[in-house]
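These notes concern the structure reproduced below.
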Amino acid sequence: MEDNRRNFPSISPAAVVVAAVFLLVSALGTYWFTTFVPLVLPAQASAESKSVDELFTILVIIGGVVFFLIQGMLLISVLFFRARGEERNDGPTYHGNPLLEIVWTIIPAMVVVFLAVISFNVWTQNSEPKAAVNHVNGEEIAIEVSGARYAWTHTYATGRLSPDGVPIVINSGDTLHTYIGQNVELILQTQDVIHSYWVPAMRVKQDLLPGNPATGGRPTEIRFTPVRVEGELYPATYPIVCAELCGDGHGRMRGTVVVHENESQFLEAFYEPAIYAILNPPADPVLRGEIEIQRYICNSCHTLDSLEWSSRTGPSLNGIADRAGERVAGQSAEEYIALSIWNSGAFRVPGYNEQMAAFGPDVMESANIMSPEQLYAIVAYLCTQGEQSDCDQENASSAIPEAIETVFGMQVDINFGQGDAAADSADEAGGESE
Ligand code: HEC
Ligand SMILES: [Cu+2]
């Protein structure tokens, strides 16, 4: 047998043709791959999108070249170098070729370093703190996002005060409102496990980390600036998705980003009405309760047909008013429901663990802060969920405040925020506050 050990296999003209065709196919194939990029990705709805997509295209090109190189080599080997006829031997052996080995180590290493550098560059650029964030009416406000199994809650610390001096915090539930050009900066905190706040259209994704402070989790931030998307009708909506498997309800842990066309549309369609609604709730506590209960993440754990909730972490709230009076001896239905919400540990519904989130006037999570007035309204609403309700519905406006005073020792101002006079004086207060 001839000694092949130190030589390359001889290169025939056919091999050159095959190699040329193969390189052409790789190049065309890779180009073809890149044409899918814009089809696969959602609209570029933020200033950050472009650089992320460029990075992605570079990855697709490099990945494409590697894919076609390896699959092509495999194909060529299978076609041209397979065993033929009676051949049974392993073929000629080739010993190390240092030059080749150095080349195929250095090139991938350089590619990896190159990718690391450009990725880091895009990351630092996009996550850099911006000068003026969350601009509303010429002021910077804080927007917080709370993640809990299985819902998102967004809260806006407006910086304004109610006539009673209570800071006005808008709770917009699973919806984030913003406008084109607003430098959005969100502070994210989880109430339980790791979640990940992902807005594909904005090309941002950030984990929410459990841990200190208290139960509110270790805060993380996310930053993006919505831009105009050609052909889009405003206000435009984009999905928010949880990108970290967090339990059996992970798939429905979703939300919506609403991008308004400009600040005045944002103020008119969302911000001012939200503040107005806080200052001027419906006089009917039941109607008010129906609004209030939807500000919180109750839907992430409970079933309630009237509001189309279908979660099963906690007991169903269908017909709760029919059971509430018999749950605990000596406790009225109003007292029981109020206690269930602010101090769910007081009574454990059989078959359920201590899983209910904490709500109240001074809980850590701003998303779960609930005033006695809000509790009053929510109890009034839940008192209507049943056939023959155990609650005293004729006298709800005295029975529920009395129950809250009995169990928590807190006074309820049942006329809280009623009427336009309250809103007017709040506007004055808002003008002066920082
Ligand atoms: C993290 C999940 C979770 C969230 C969020 C949650 N709950 Fe619960 N809830 C539970 C669980 C679990 C129980 C039963 C355990 C217990 O009794 O302590 C429960 C019990 C209750 C009960 C008593 C039910 C009965 O049949 O006696 C009421 C009323 C209630 N919740 C109302 C609310 C309201 C209103 C909200 C929103 C403000 C809310 N819950 C948010 C999990 C949750
Ligand atoms: Cu999640």
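The values are calculated or read from the model by the stated rules, or taken from the named source; none is laboratory data. Values in this document were obtained by computation on a predicted structure and should not be read as measured data. Neighbour counts run over all protein chains shown; Cβ positions are idealised from the backbone, glycine included. For the accessible areas, the whole protein counts, side chains as well, though only heavy atoms, and no ligand, DNA or RNA atoms are used. Shrake-Rupley method; radii C 1.70, N 1.55, O 1.52, S 1.80 Å.
Among residues other than residue 205 whose Cβ falls under 13 Å from its Cβ, what is the net charge (Lys/Arg +1, Asp/Glu -1)?
On the way: positive: 203, 223; negative: 48, 207, 221, 244.
Summing Lys and Arg as +1 and Asp and Glu as -1 gives -2.
With only Lys, Arg, Asp and Glu charged, each at its Cβ (+1 for the first two, -1 for the last two), find how big the charge dipole of the chain is about the Cα centre; round to the nearest 20 debye.
2800
Where does helix 13-40 land angle-wise versus the long Cα axis of the chain, in degrees 0 to 90, nearest 10?
Helix 13-40 sits at roughly 10 degrees to that axis.
Taking the Cβ of residue 334 as the center, what net charge do the other residues with Cβ under 10 Å away carry, scoring Lys and Arg +1 and Asp and Glu -1?
After counting each charged neighbour, the total is -4.
Starting from the Kirkwood Rh over alpha-carbon pairs, what translational D in µm² s⁻¹ does the stretch 367-420 have by Stokes-Einstein at 37 °C and 0.692 mPa s? Intermediate results must be reported in sequence, preceding the final value.
Numbers: Rh = 11.9 Å.
Roughly 276 µm²/s, to the nearest whole number.
Sorted from largest down, give the three principal axis spans of the alpha carbons of the stretch 135-278, whole angstrom values.
45, 39, 22
Calculate the radius of gyration of the Cα atoms of the stretch 109-193 to one decimal place, then report Dmax, the largest Cα-Cα distance, as a whole number, both in Å.
Looking at the stretch 109-193, its Cα Rg and Dmax stand at 17.6, 64 Å.
Which shape class, rounded, prolate or oblate, goes with the chain when its Cα gyration tensor gives a ≥ b ≥ c as root eigenvalues, a/c under 1.5 marks rounded, and past that a/b bigger than b/c marks prolate? Each step should come with its number before you reach the end.
Working: a/c = 3.48, a/b = 2.26, b/c = 1.54.
Verdict is prolate for the chain.
Per residue, how large is the accessible surface of the chain? Use a 1.4 angstrom probe and give square angstrom.
Computed with neighbouring chains in place, this is 55 Å² per residue.
log10 I(q)/I(0), Debye, Cα-only the stretch 246-306, no solvent, q = 0.13, 0.14, 0.23, 0.28 Å⁻¹?
-0.55, -0.63, -1.04, -1.14
Looking at the chain only, what percent of DSSP beta bridges run antiparallel? Nearest 5 please.
Roughly 75 percent of the DSSP beta bridges within the chain come out antiparallel.
How do 243-254, 74-85, 125-136 rank on mean C-beta neighbours within 10 Å, highest first?
My ranking of the peptides, most packed first, is 243-254, 125-136, 74-85.
For the stretch 281-416, what are the per-bin percents of Cα-Cα distances with bins 5 Å wide, up to the bin holding the maximum?
P(r) for the stretch 281-416, in whole percents per bin: 2, 11, 21, 26, 24, 12, 3, 0.
For the stretch 145-227, evaluate the Debye formula with one uniform point scatterer on each Cα (no solvent term) and list log10 I(q)/I(0) at q = 0.26 Å⁻¹, rounded to two decimals.
These q points yield log10 I(q)/I(0) values of -1.29.
Among 208, 257, 143, flag the residue with its Cα farthest along the positive direction of the charge dipole of the stretch 135-278, charges on Cβ as +1 for Lys/Arg and -1 for Asp/Glu.
Final value for the positive-end residue is 208.
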